[in-house]
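Presented below is the structure to which this report refers.
Read-outs throughout are calculated quantities, based only on the coordinates presented, and are distinct from any laboratory measurement. A quick note: this is a predicted structure, and the numbers were derived from the prediction, not measured. Cβ sites come from the backbone with ideal geometry, for glycine too, and all protein chains shown count toward neighbours.
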Amino acid sequence: MERLRAVKGMNDVLPEAIPHWRRIEQTFWRTVERYGYGEVRTPVVEPTGLFVRSIGEATDIVEKEMYTFVDKGEHSLTLRPEGTASAVRAYIEHNVAAREPVTKWAYLGPMFRRERPARGRYRQFWQGGVEIYGDPGPFVDAEMIDMVVAMLAELGVKDLEVLINSLGSGDTRARYLDALVAYLTPHCDALSEDSQRRLSTNPLRVLDSKVPKDREVAAGAPKILDFLGEEDAAHFDELQRTLDALGTPYRVEPTLVRGLDYYSRTLFEVQGKGGELGAQNTLCGGGRYEGLVESLGGPPTPAIGFAMGIERMLLVMGEDGGAIRPDVFVIVADAALRREGALLLKELRSAGLSADADLRGQSVKSQLRRADKSGAKIAMILGPSEVERSVVQLKDLAAGEQAEVPRAEAAARAARIAGRELV
Ligand code: HAM
């Protein structure tokens, strides 16, 4: 009998991988809540027209990657390839603009694109994303980019680069597209087949191509930043000043265009360098989309958002980055003190700390090694004299400092070092 298998490019996540996923999901929710976003849950399936009209007919997603089917009622439906279009549809359908001047939504869930599967590129993948409606920026643009960087830092992703660009709005784009086509047309023969076709359907996408010969031609293309109108230029300038003020590092990348048609003005991506990312190194991407709400039937509404790929985060974080790190690792100097160790663990956990230990009766040296490997921030060491005097030796593993602390104060002291609130 033929073995049944999952659909190519769609993955199971088994229990041993779940802690890594949870850590990302929890950090995502904790962060976005701190910035005032409410969660929105939209259906996984939408009318096909929603994606065609928002993402754009001449994009890779709509041209070749959508899972589209006709249901029994003869409606053309599509598994959502991203979250922005659905969020905008819901925002319009529930008339949210009439109730609140500024709306901040966040979502996390599976998306579907029939891409060629590779490391970090799947046909079902998960995105965490946010959208803001009603604020023209540029201060929220900077805040959003800063939030992404803070979130990645909390997840331990250090080796990254933030790229920003501006696509300008209405007039700018039209003037730039004319100049781009005028530049690309004489180079047409040097372009890949795909880019030759794009030259007439969607010339911006030529800049996005990964084909080396396309990139060579694109390198000499006019830069959109030279075409920005006064207001677009001021917007982009203030974005940079605000990022500077927030201390968020970034690089202006004038060839950044991204693969969806709805963008205008601010664009950004966060690219990772470490881990096992390979070619799929874009962790997060987003930007402003000033015309989309109106073009789908809503009131004129400025908007901005981004999404991050959860699987790519897993790759860049590697095994250690994803592991649950206890705040405290308890070490007993003597196997006879293991019951005391179990009690200390319980005290710490009831106080709201995460705590772990190796109570198999190994040597102190081996327990210290386990503490180190666990990534714990603090070790608490119990010997017979500590138990007798109701104290613990508390070692800050990052700072390498050790102090004797009364047992009753141990949790509070550890919470301060670990940056946690006690319950
Ligand atoms: P996107 O750049 O198409 O943007 O996707 C955002 C992120 O999703 C990517 O940076 C990547 O991490 C992840 N991703 C995309 N495709 C795949 C795939 N096949 N396999 C694994 N991960 C993938 C959007 O989707 C926009 N909706 C973002 C946005 C929100 N713009 C404004 N608001």
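Helical runs (DSSP H, four residues minimum) scored at -39500 (n - 2.57) apiece and divided by the length of the chain put the mean residue ellipticity at 222 nm at -11500 deg cm²/dmol.
If you run the Gaussian network model on the chain, springs between alpha carbon atoms under 10 Å, then out of 73, 278, 287 the most flexible one is 73. Measure nothing fancy, just the Cα-based angle from helix 139-154's long axis to the longest principal axis of the chain, in degrees from 0 to 90, nearest 10. Roughly 40 degrees between the two axes.
Rounded to the nearest 20, the size of the Cβ-charge dipole of the chain about its Cα centre is 1520 debye, with Lys and Arg at +1 and Asp and Glu at -1. Here residue 213 is the anchor, and the aspartates and glutamates within straight C-alpha reach of less than 18 Å, apart from those fewer than 8 places off in the same chain, are 189, 193, 194. The range 48-93 and the range 197-238 have Cα centres lying 26 Å from one another. To the nearest ten degrees, helix 364-374 and the longest principal axis of the Cα atoms of the chain are 20 degrees apart.
Among 218, 106, 411, which one shows the highest mean-square fluctuation when the chain is modelled as a Gaussian network with alpha-carbon springs under 10 Å? The residue with the greatest mean-square fluctuation here is 411.
Quick one: compute the contact order of the range 150-220, relative version, from alpha carbon pairs under 8 angstrom and 6+ residues apart, as a percent.
In percent, rounded to a whole number, it is 23.
Exposure proxy for 151, 313, 1: other Cβ atoms within 10 Å of each Cβ, ordered fewest to most, give 1, 151, 313.
Cross-link partners of residue 346 among aspartates and glutamates, defined as those whose alpha carbon lies under 16 angstrom from its own and excluding same-chain residues fewer than eight positions apart: 327, 356, 358, 409. Quick check on my link table: of 64/223; 223/273; 158/373, which ones sit more than 23 Å apart, alpha carbon to alpha carbon? Listed pairs above 23 Å: 64/223; 223/273. Among the trypsin sites (Lys or Arg not before Pro) found in the range 1-99, those both in a DSSP coil and sparsely packed, with 12 or fewer other Cβ atoms within 10 Å of their Cβ, are 3, 5, 8, 41, 72, 99.
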